[in-house]
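Down below is the structure, laid out as structure tokens.
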Amino acid sequence: QVQLVESGGGLVQPGGSLRLSCAASGSAFRLYTMEWYRQAPGKQRELVAIITNGGSTKYANSVEGRFTISRDNDKNTVSLQMNTLKPEDTAVYYCHGFLGPLNSWGQGTQVTVSS
């Protein structure tokens, strides 16, 4: 089972960009489907983006065209490039990976979009 550690969160102005990274331990990373979730205060955790072990991607409607998920299986990382950020993107962002019955969560990284 992989262990996941996110980085790259912070404070950014509306319209700005941030890149989140998730580093995974374990040699089976390339087999995992990887996802980014987010949870805003008082709201349920929501799926933002997904990338399969084959590289197929899918996005929530709210981030389509602004966010890009990618993975580097040689470096055991998955990234989320976030452009044209909006205040409503403010949340704790979590990296999640699953492979059959196995699943792992990172600890989360805060993203705040505010002027």
Odd one out for VAL2 among (1) in contact (Cβ under 8 Å) with a residue 60 or more places away in the chain; (2) among the aliphatic types (A, V, I, L, M); (3) not in a loop (DSSP other than H, G, I, E, B): (3)
Per the filter on segment 52-88, residues open to solvent by 40 Å² or more (accessible area, probe 1.4 Å), touching a residue at least 60 places away in the same chain (Cβ under 8 Å) and part of a strand (DSSP E or B) are GLN81
Kindly indicate whether any position in segment 43-51 is β-branched (Val, Ile, Thr), closer than 16 Å to GLN110 by Cβ and open to solvent by less than 20 Å² (accessible area, probe 1.4 Å). yes
Select from segment 31-42 the residues that are assigned to a loop (DSSP other than H, G, I, E, B) and open to solvent by 20 Å² or more (accessible area, probe 1.4 Å) and list them in ascending order. ALA40, PRO41, GLY42
Does ALA23 fit the bill of being open to solvent by 40 Å² or more (accessible area, probe 1.4 Å) and of a type in the set (Gly, Ala, Ser)? yes
For ARG38, work out the one condition from (1) within 14 Å of THR109 (Cβ to Cβ); (2) charged (D, E, K, R); (3) over 11 Å from the mean Cα position of the chain (by Cα) it doesn't fulfil. (3)
Among (1) surrounded by fewer than 16 Cβ atoms within 10 Å (Cβ to Cβ); (2) closer than 10 Å to GLY97 by Cα; (3) of a type in the set (Gly, Ala, Ser), where does ALA28 come up short? (2)
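The values are calculated or read from the model by the stated rules, or taken from the named source; none is laboratory data. Small disclaimer: the values here were computed from a predicted structure and weren't measured. Heads up, the Cβs are rebuilt from the backbone with ideal geometry, glycines too, and the neighbour counts pull from every protein chain shown. Note: accessible area is taken over every heavy atom of the protein model, side chains too, but ligands, DNA and RNA are not part of it. Shrake-Rupley method; radii C 1.70, N 1.55, O 1.52, S 1.80 Å.
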